[in-house]
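Colleague: This is the structure I have questions about; it appears just below.
The values are calculated or read from the model by the stated rules, or taken from the named source; none is laboratory data. Predicted, not measured: the structure shown is a model, and the values here were computed from it. Using ideal geometry, Cβ is built from the backbone for each residue, glycine included, and neighbour counts are taken over all protein chains shown.
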Amino acid sequence: MITYISRCVTFGQIAEIVDEGATRCATSGLLYGAIFLFGAPFVYSCMFRTKLRNKFGLPDAPAPDWITHLLCGHCALCQEYRELKHRGFDPNIGWKQAQQQEMMAPPTGQRMIG
């Protein structure tokens, strides 16, 4: 629903995770919104889809990234968001908080010795 109402929010969340925190959510979202006013946000958003594909070795199918974002930007962003969630990232909390949670998570496979 958020993507339908305000794509710039979803895009900012995706961009922050894909860039591993180098690009802040707010910065990417605002830039996407500004480019949206000129009618060509797909030019910016398709670059992050390409980064996401390259990062996880995903195929460029069924269409090139720019066509996917041009013809169905909402769908492309939802798909990218779901892919990140599927791979264990939570775009809602951002890169920095995700890293802090990972560092604070208890080690797996340990037992109390009594």
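Colleague: Could you please find all residues in the stretch 2-27 being of a type in the set (S, T, N, Q) and in contact with a Cys (Cβ under 7 Å, 6 or more places away or on another chain)?
Modeller: Within the stretch 2-27, THR3, GLN13 qualify.
Colleague: Just to confirm my filter: which helices (runs of 4 or more DSSP H) fall fully inside the chain and include at least 3 residues that are at pLDDT below 85 and exposed (fewer than 13 other Cβ atoms within 10 Å of the Cβ)?
Modeller: 94-104
Colleague: To continue, here is another question. For the stretch 24-49, which positions are within 11 Å of the chain's Cα centre (by Cα) and of a type outside the set (Gly, Ala, Ser)?
Modeller: Result: CYS25, PHE48, ARG49.
Colleague: Report every pair of residues separated by at least 6 positions or lying on different chains whose Cβ atoms are under 9 Å apart, first residue within the stretch 17-45 and free of Cβ contacts under 8 Å to residues at least 12 places away in the same chain, second in a helix (DSSP H, G or I) and surrounded by fewer than 15 Cβ atoms within 10 Å (Cβ to Cβ).
Modeller: Close Cβ pairs (under 9 Å, with a partner that is in a helix (DSSP H, G or I) and surrounded by fewer than 15 Cβ atoms within 10 Å (Cβ to Cβ)) amount to ILE35/VAL43.
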